[in-house]
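First the structure, in the form of structure tokens, and then the observations on it.
The values are calculated or read from the model by the stated rules, or taken from the named source; none is laboratory data. All of these numbers come straight from a predicted model, not from anything done at the bench. Ideal geometry is used to build each Cβ from the backbone, glycine not excepted, and the neighbour counts take in all protein chains shown.
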Amino acid sequence: MPLSPLEFQCVSFVYETASAPVLSGVTASFGRGWTGIVGPNGCGKSTLLRLACGELEPTSGGIHRPGPVAYCPQRTDRPPPELQEFLSTDEPRACVLRGRLGLQADWLTRWNTLSHGEQKRAQLAVVLARQPAVLALDEPTNHIDSQTRDLLADVLDDFSGIGLLVSHDRELLDRLCRRCLLMSLGQVVLRSGNYSAARAQQQAEEASARAQRERLQHELRRIEREVSNRRREAARADKLRSKRHLDKHDHDGKGAINLARNTGKDGVAGRRMRQLEGRAAQAGARVDQVQVRPILKMGVALGGERARRHVLLRLDAGRLALGSDRWLVHPELVIPADARIGLTGKNGSGKSTIVRHIVDRLDLPAGRVVYLPQELDAERGATAATELRKLPDQVLGETLSHISRLGSDPRALLETAQPSPGETRKILLAMGMALQPHLIIMDEPTNHLDLPSIECLEAALADCPAALLLVSHDRRFLERLTRIRWHIVREERDSCVEGLHVH
């Protein structure tokens, strides 16, 4: 069936608590298929999705929506309102989605015991079942293991409407997207092709613009040098043509000066000077016309030091309850002072459960452990923003510098009462950098972070002397940072038991 595009017409939006708009004059047209929405944390990606789906209305401008809309947010704090109906209906599409994404009939009643990956699958299944004309997904692969990510990509590939996809998952963006909207520093550019193609085009254009600007600046500097030289020569000539240094009886010298003035040499020199100054002004204007995106200084250093004691935790073999009839069985677990441990396993296998169990049993002084949980709800985000504003001036300055070097605008964060999940993660990371921990524990640390920030975090953790325990589905992240692998698998002898293996 024909489907008119989703249209943004000079759309601007400003939050009541902010001094500047998060989006300004956005004009774009989105047709069938997936459009990737890419940019740093805090640039307005989630705001754009909420505007597209009518959860927000623009401060100015207009939006044409071609039909029913559905929005799937980043957070999984609460179950979708339609989840019970979705789990119980016999409607064919719902049955297919439940099967393909592995949903179970009791997920609503035990929502708080589900892994975040399982919650995300339920959230996605419900919005896909609506078959909307416009579907906006905000970081759909957060918390999801690699096997489920492939299943999800297959399901999203079948969507035939207008899809808007905010994601830092390069593989998903490249597989699904026909075009990408690149957002940065108030600029919005729609490019054809998947993420890799759009990013390569952007980088080539930026490199060309920088080269052009450098050539124009070189020409401007050459003209300015010539103007400066001409001015010095003119100053010397003026001094020579001045009669003040002549004796009042030096009639020959005065005559020579009068002759030079009468022949028009002064006028010719003046015209040449004005021509050069005009050329300099034109060259400066050409330099200003070439817009070059500034290169942000990125890169941070995490505080930390190696503990003097050899073992930070020794946990006896045992088992942990994962629900009414499921258990996680683990061997003796040891975290040495130089640990580089990666914890892996499927969604719902008990990774976050064992991490919380470890955190509760650590015997380390205050400030010697930095723990970043998997999901940061809206309340934690608001608390983090409040804590940031209450920091002493010197500590606040250092923290804001870290936030800036993680790729976000610190001034905007000081103004917001409800930072995005990615911004919340950056605030907590930045505040943790002031500590000197012996152990850093991070549960899915790359969730919600933009790509440059992930690379910064990787580099910072690689250089950090503290022990690391990292939970992640990002294989490249773990391969770079860890040496020991704790992996949870379903034991063949009993489908209700997960077993943690160390290797």
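Has the range 310-320 got any residue that is buried (at least 16 other Cβ atoms within 10 Å of the Cβ), of a type in the set (Gly, Ala, Ser) and in contact with a His (Cβ under 7 Å, 6 or more places away or on another chain)?
Scanning the range 310-320 turns up no residue that is buried (at least 16 other Cβ atoms within 10 Å of the Cβ), of a type in the set (Gly, Ala, Ser) and in contact with a His (Cβ under 7 Å, 6 or more places away or on another chain).
Go through the residues of the range 436-446 one by one and say whether even a single one is within 14 Å of the chain's Cα centre (by Cα), buried (at least 17 other Cβ atoms within 10 Å of the Cβ) and not β-branched (Val, Ile, Thr).
yes
Check residue 237 against each of (1) at pLDDT 75 or above; (2) more than 30 Å from residue 202 (Cα to Cα) and name the one condition it does not meet.
Looking at each condition in turn, residue 237 falls short on (1).
Determine which member of the set 123, 104 is within 25 Å of the chain's Cα centre (by Cα) and without any contact (Cβ under 8 Å) to a residue 60 or more places away in the chain.
Numbers: 104 fails: within 25 Å of the chain's Cα centre (by Cα).
Matching residue, one of 123, 104: 123.
Those residues that are out of contact with any Ser or Thr (no Cβ under 6 Å at 6 or more places or on another chain) and in contact (Cβ under 8 Å) with a residue 24 or more places away in the chain, I need them from the range 375-384; list them, please. Walk me through how you get there before you give the answer.
Step one: list which residues in the range 375-384 are out of contact with any Ser or Thr (no Cβ under 6 Å at 6 or more places or on another chain), which gives 375, 377-380, 382-383.
Residues satisfying the conditions are 375, 377, 378, 380, 382.
In the range 1-90, which strands (runs of 3 or more DSSP E) lie fully inside it and hold 1 or more residues that are within 20 Å of residue 123 (Cα to Cα) and assigned by TED's automatic domain parsing to the domain that holds residue 423? Spell out how you get there, then give the answer.
Values: elements: 6-13, 23-30, 33-38, 60-64, 69-72.
So the answer is none; nothing clears 1.
Would you pick out the residues in the range 479-503 that are surrounded by 19 or more Cβ atoms within 10 Å (Cβ to Cβ) and in a loop (DSSP other than H, G, I, E, B)?
Selection gives 482 alone.
Against the definition (more than 26 Å from the chain's Cα centre (by Cα), farther than 15 Å from residue 141 by Cβ, surrounded by 18 or more Cβ atoms within 10 Å (Cβ to Cβ) and touching a residue at least 24 places away in the same chain (Cβ under 8 Å)), how does residue 93 come out, yes or no?
Values: more than 26 Å from the chain's Cα centre (by Cα): yes; farther than 15 Å from residue 141 by Cβ: yes; surrounded by 18 or more Cβ atoms within 10 Å (Cβ to Cβ): no; touching a residue at least 24 places away in the same chain (Cβ under 8 Å): yes.
Considered against the rule, which asks whether it is more than 26 Å from the chain's Cα centre (by Cα), farther than 15 Å from residue 141 by Cβ, surrounded by 18 or more Cβ atoms within 10 Å (Cβ to Cβ) and touching a residue at least 24 places away in the same chain (Cβ under 8 Å), residue 93 comes out as no.
Do we find that residue 424 is of a type in the set (Ser, Thr, Tyr) and at pLDDT 85 or above in this structure?
Working: of a type in the set (Ser, Thr, Tyr): yes; at pLDDT 85 or above: yes.
So residue 424 fits the description; yes.
Quick test for you: out of 84, 74, pick the one residue that is modelled with pLDDT under 95 and within 28 Å of the chain's Cα centre (by Cα).
Values: 84 fails: within 28 Å of the chain's Cα centre (by Cα).
Unique residue meeting the criteria: 74.
Quick check on the range 30-60: of everything there that is hydrophobic (A, V, I, L, M, F, W, C) and out of contact with any helix residue (DSSP H, G or I) (no Cβ under 6 Å at 6 or more places or on another chain), which residue is farthest from residue 411 (Cα to Cα)? First the steps, then the outcome.
Going through the range 30-60, the residues hydrophobic (A, V, I, L, M, F, W, C) turn out to be 30, 34, 37-38, 43, 48-49, 51-53, 56.
Okay, now just the ones that are also out of contact with any helix residue (DSSP H, G or I) (no Cβ under 6 Å at 6 or more places or on another chain), so 30, 38, 43, 48-49, 51-53.
Values: 30: 31, 38: 21, 43: 13, 48: 21, 49: 23, 51: 23, 52: 26, 53: 28 Å.
My answer is 30.
Of the residues in the range 452-478, how many are at pLDDT 90 or above and in a helix (DSSP H, G or I)?
1
Across the range 162-178, what is the number of residues that are buried (at least 20 other Cβ atoms within 10 Å of the Cβ) and touching a helix residue (DSSP H, G or I) at 6+ places or on another chain (Cβ under 8 Å)? Give the derivation first.
At the first step, the residues of the range 162-178 found to be buried (at least 20 other Cβ atoms within 10 Å of the Cβ) are 162-169, 172-173, 176-177.
Filter again for touching a helix residue (DSSP H, G or I) at 6+ places or on another chain (Cβ under 8 Å), leaving 163-169, 172-173, 176-177.
Within the range 162-178, residues that are buried (at least 20 other Cβ atoms within 10 Å of the Cβ) and touching a helix residue (DSSP H, G or I) at 6+ places or on another chain (Cβ under 8 Å) number 11.
Can you pull out the residues in the range 357-413 that are charged (D, E, K, R), closer than 30 Å to residue 314 by Cβ and part of a helix (DSSP H, G or I)? First the steps, then the outcome.
At the first step, the residues of the range 357-413 found to be charged (D, E, K, R) are 360-361, 363, 368, 375, 377, 379-380, 387, 389-390, 393, 398, 405, 409, 411.
Going one step further and asking which of them are closer than 30 Å to residue 314 by Cβ, we end up with 360-361, 363, 368, 375.
Across the range 357-413, the qualifying residue is only 360.
Sort out which residues of the range 314-350 are farther than 17 Å from residue 498 by Cβ, aliphatic (A, V, I, L, M) and free of Cβ contacts under 8 Å to residues at least 60 places away in the same chain, and write them in order of number.
Answer for the range 314-350, where residues must be farther than 17 Å from residue 498 by Cβ, aliphatic (A, V, I, L, M) and free of Cβ contacts under 8 Å to residues at least 60 places away in the same chain: just 334.
Does residue 196 fit the bill of being under 30 Å from residue 73 (Cβ atoms), of a type in the set (Gly, Ala, Ser), part of a helix (DSSP H, G or I) and modelled with pLDDT of 85 or more?
Working: under 30 Å from residue 73 (Cβ atoms): yes; of a type in the set (Gly, Ala, Ser): yes; part of a helix (DSSP H, G or I): yes; modelled with pLDDT of 85 or more: yes.
The answer is yes for residue 196.
Charged (D, E, K, R) and closer than 23 Å to residue 454 by Cα, is that true of residue 191?
Details: charged (D, E, K, R): yes; closer than 23 Å to residue 454 by Cα: no.
Here the answer is no, as residue 191 does not meet what is asked.
In the list 155, 134, which residue meets the criterion of being among the aliphatic types (A, V, I, L, M), under 22 Å from residue 6 (Cβ atoms) and in contact with a strand residue (DSSP E or B) (Cβ under 9 Å, 6 or more places away or on another chain)?
Details: 155 fails: in contact with a strand residue (DSSP E or B) (Cβ under 9 Å, 6 or more places away or on another chain).
Of 155, 134, the one residue that is among the aliphatic types (A, V, I, L, M), under 22 Å from residue 6 (Cβ atoms) and in contact with a strand residue (DSSP E or B) (Cβ under 9 Å, 6 or more places away or on another chain) is 134.
Could you go through the range 134-155 and let me know if any residue there is at pLDDT 90 or above, out of contact with any helix residue (DSSP H, G or I) (no Cβ under 8 Å at 6 or more places or on another chain) and surrounded by fewer than 16 Cβ atoms within 10 Å (Cβ to Cβ).
no
From the list 122, 28, pick out the single residue that is in contact with a Phe, Trp or Tyr (Cβ under 7 Å, 6 or more places away or on another chain) and surrounded by 21 or more Cβ atoms within 10 Å (Cβ to Cβ). Break it down stepwise before answering.
Numbers: 28 fails: surrounded by 21 or more Cβ atoms within 10 Å (Cβ to Cβ).
122 is the lone residue from the list that is in contact with a Phe, Trp or Tyr (Cβ under 7 Å, 6 or more places away or on another chain) and surrounded by 21 or more Cβ atoms within 10 Å (Cβ to Cβ).
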